[in-house]
Structure formats: C-alpha cells, structure tokens
Amino acid sequence: MTDIAAPALTRSIVTEIPGPNSRALLERKAAAVPQGIPHQLPVFIAEAHDAIITDVDGNRFIDLGCGIGVTTVGHTNDAVVEAVREQVGKLTHSLFGTTPYEPYVRVAEYLAKHTPGDHAKKSFFVNSGSEAVENGVKIARKFTGRRAVAVVEHGYHGRTNLTMTMNYKPAPYATGMGPLASDIFHAPGSYPLQDGLSGAEAAERTQYYLDKHVGVSDLACLVIEPIQGEGGFIVPADGYLPAMQEWCTANGVVMIADEVQSGIARTGRTFASEHFGWVPDLVLSAKGIAGGMPLAGVTGRAEIMDSVHTGGIGGTFGGNPVSCAAAVAVFEQIESADLNGEAQRVERVMRPLLDGLAERHPEIIEVRGKGAMLAIEFIDPESGAPIPTAPISAAAGKEGVLVLTAGTDYNVLRFLPSLAITDDQIRDAVEVIGRAIAEVTGD
C-alpha cells in the first residue's frame, strides 16, 4: 500500500490557512449549519486520496485523523471505490429484514472469522458507532434480564441519550441536554500513567466498585474500549481486560468490547482486544469497517445474539448494501494486503519519532498506543497541570498537517493515520508537529 509516489501525495500549502475559497464557504457554513457543529481545521476539503486531503484552494494536507479513524485503508481506496460503484449499479437499498441480500451476510461471516475467539458468533448491522453501543446494551439486557450498565472512567461511547450518559466526560457531549439515561455506572478502569496499578490490581479495584456500587445481580453488561479513544488512547495494564472478562463470566455479566475506534486493523491486529488476550462476549465495530461508508456492527456469541426476539433489532438503513460491499472490500484487503502489517509499519516508523519529540520536549509525559493508533500526552513539568493541545493542532494545520486532539483534560495529541501513509509522509508530518510544539511551548 505504500508504493505509490506522485507529486499529488506531498504536503503543499499555497495560500494562507484558510484560503479565500474556504473562507467563503465558512461564511456559508455559519449561516446554514448550527454552531454546535465545529471544525478543527478551518478549510473545506475538495478531494482526498490515501493520506492526503486537498482543500478548495489547492492546499494539500497530510491527514493524521482519517475522519477520526474512518478511512483506515486510505481515502478513496481503489478497491472500496470499485466495490461501491459496482454495488450502486445493482442495488442501493433494501431493508435486510424485509428482503435480504448477500453482501450483508458476507460481512457478518468476515466478522465471525476475525473477531476474537473461536466460538459461534452472529452479527447484525446499524449505521453508527453510537447505534452499535446502544444495540449491544439492548442485547445484554435482554439476555441477562438485568438493568444496570457499567463503563469505566475516561471512556467515550457516543452522542445519543444513552451513550452520552455512558461517556466519562459530559462536556461537550451532554451539556444542557438532560435528563440523561438511568442505570449507568462509571467504575474506575486502568490508566497506568495515572494510577500506577498492575492489571490485576486495577481489575480488583473495578470489581470492588461494581460489587459495592452497582450490585452484580443487577449488572447486565460492562462496556470497555480496549484502547480508549477520546479519553486519550489509554492502553490498559497487561492482564486487566482478561481479568475483567473472567469476573464477568463468573457473574453472568456480558462484557462488551467497544472497538468502534480501535478495531479493523487500526492497531496492528484486526481488533485491539487481541493485543491483550481478551475474548469479549460482544464486539462493536464501526468507523474503519467500510472504508468511509456508514456502517457499524454488533458481533457476539450466538446464544447471546439469538436471545432477542424476531424484530427486536434492526433498522431501515442498517447494513445498507453499498456500505456492506465497501466493508467486503476492506476485509478482503485485511486478508490479502496485510493491513495489520501496515499498521505495525506505521508504529515502527512513527513511534521512535514521537519518542524523539518527547526527549526534546519535557512537556510530553508519555508516548503510547499501538499500531496506527498512537498518542502523546502533555503535562507542565513544573506545575503538573495539563497543557491544552488545541494550539499545537492549529499550528500544525497551518503548515499542512491535520492532527486531532483528545484526552479528558484536552491535553493529548492523537494520531490516526491511514495505513496508506508513506514513511516519508510520516517523517514530514512529525517534523511539522515538532515545530508546532516548539512554537506553542517555547522549547
């Protein structure tokens, strides 16, 4: 995936940021779109391919965000585009629950094959990560007959009423939008940088909280991101997730892996759970599953999935045939183009460069993550206060690198490059980010 080399795949800034065409469109956006829809990079994108996005003024940016981890295989991936074109000419929509179609079944078969564990599994599809989380909770409640839902601190699960209640951080996702959903409990998780606990110790702490503050007999499910996304790409201590799964199984609790951001070859494994030896009861997929097309899936143990009565799950657009065709193209490349190997390559090239930034900038307290899901966290070495990363992101954007922020305290830069990014593009992007850090921090 990294063989392509052409002038169009280089960073190039030819106007001020934003340029005149983007400024005109920003005025139109302000008049027509609610202010609640922000923009991190103040430009309008005209086209994109692989790891480069081009704005309406002709500026080209190295994209380290991928639409928040969606275009993992690269923007306008050739195989995805071809699959979409072919499917559009055949069937654009049919409610699968009324008149089924084969691509839906094929994606379910791929998920049964590639999600952790060799037990019998079944899947169904919805439109977004939030919907996948909602449906995972619904199924767990139906299967167990219990009401309570547990999540862990620093997690993010979506923007619907239920999922924004599940988020650790209410602002901005739930501010002023209550009343929120009931029976949601936030337990301490595993954040090695902050808590210093081993996996076993962190699991014991989580279990104590759930025992005492929820009551296991009322607990339907525990929902955890194997690597937390919005929370700042927090990687749990070794042993934490398997220990929690063992506890959940022993107590009749459904344990759900929210792999919306970390799944689909993002971390060097098809699902991040594999890094930790974790075999969840349910796995939630979205973002990178269909190469930019809207699709999300719920995959789980067959006996859990089949506990729902006929008609209890589904939706009009869930598992759209065009999106399913795109997902088939993604899974075919996972198997034929070694996408996990490409994610590992991204880490081999990028992580030492980020470590180099940390050596030069004492504000970078940790470099973490796996594969093409990496992050750096900033703390003031004198005061211990979090350092906001939005100004660093803005400075990098002016030089042609789109980089996202994250973290409960907004003090993390997160990197989600496509697996089509070249080694040279990675080096160029990190060099720009280094200059942006120096500009903002004065180092």
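Observations on the model:
- Paramagnetic reach from Q35 in the stretch 177-216 [backbone N under 13 Å; point 7 Å along Cα→Cβ]: none
- Point-charge dipole on Cβ atoms (K/R +1, D/E -1) for the stretch 342-422, about Cα centre, debye to 20: 380
- Ordered by the count of other Cβ atoms within 10 Å of each Cβ, fewest first, L193, L374, L282, L353 give L193, L353, L374, L282.
- Globularity index of the stretch 248-309, i.e. its alpha-carbon radius of gyration over 2.2 N^0.38 Å: 1.19
- Helical contribution to [θ] at 222 nm, DSSP H n ≥ 4, -39,500 (n - 2.57), averaged over the chain, rounded to 500: -11000 deg cm²/dmol
- The stretch between D118 and E47, if pulled fully straight at 0.36 nm per residue, gains 21.5 nm over its current Cα-Cα span.
- Burial ordering of W278, W247, fewest other beta-carbon atoms within 10 Å first: W247, W278
- Projected area averaged over orientations for the stretch 67-192, convex hull of C-alpha atoms, nm²: 11.4
- Between the residues A48, T98, T115, the greatest Cα displacement towards the positive end of the dipole of the stretch 1-124, with unit charges on the Cβ of Lys, Arg, Asp and Glu, is found for T98.
- Percent RCO, i.e. relative contact order, over the chain, from Cα pairs under 8 Å lying at least 6 residues apart: 22
- Near L197: Cβ cut-off under 9 Å, other residues only, Lys/Arg at +1 and Asp/Glu at -1. The net charge is -2.
- Relative contact order (%) - criterion: Cα under 8 Å, at least six apart; region: the stretch 81-336: 30
- When the Cα atoms of the stretch 81-336 are aligned to their principal axes, the ranges along those axes come out at 55, 38, 37 Å in descending order.
- Annotation: amide H of G231 within the under-5 Å range of Y156, G407, sequence separation 5 or more or interchain, hydrogens built in the peptide plane.
- Less than 5 angstrom separates the built amide H of I365 from those of E377, F378, I379, all sequence-distant by 5 or more or on a different chain.
- Lysines whose Cα lies under 23 Å from that of K113, excluding same-chain neighbours fewer than 8 positions away: K121, K122, K287, K370
- With the simple model of a label 7 Å out from the Cα in the direction of the Cβ, Q194 to Y208 spans 1.8 nm.
- Charge context of K398, other residues only, Cβ under 10 angstrom, K/R +1, D/E -1: -3
- Rounded to two decimals, the Cα radius of gyration of the chain over 2.2 N^0.38 Å is 0.96.
- Paramagnetic reach from R147 in the stretch 204-232 [backbone N under 16 Å; point 7 Å along Cα→Cβ]: 213-221
- Under 12 Å, Cβ to Cβ, from N411 - net charge with Lys/Arg +1 and Asp/Glu -1: -4
- Of all aspartates and glutamates in the structure, the ones whose alpha carbon falls short of 17 Å from that of K212, not counting any fewer than 8 places away in one chain, are E153, D183, E201, E204.
- For a straight C-alpha distance cut-off of 15 angstrom, the aspartates and glutamates reachable from K398 (same-chain residues fewer than eight places away being disregarded) are E16, D55, D57, D63, D428, E431, E439.
Throughout, read-outs are computed from the coordinates displayed, never taken from laboratory work. Since this is a predicted model, take the numbers as computed values, not measurements. Counting neighbours? That spans all protein chains shown, and the Cβs are built from the backbone with ideal geometry, glycine included.
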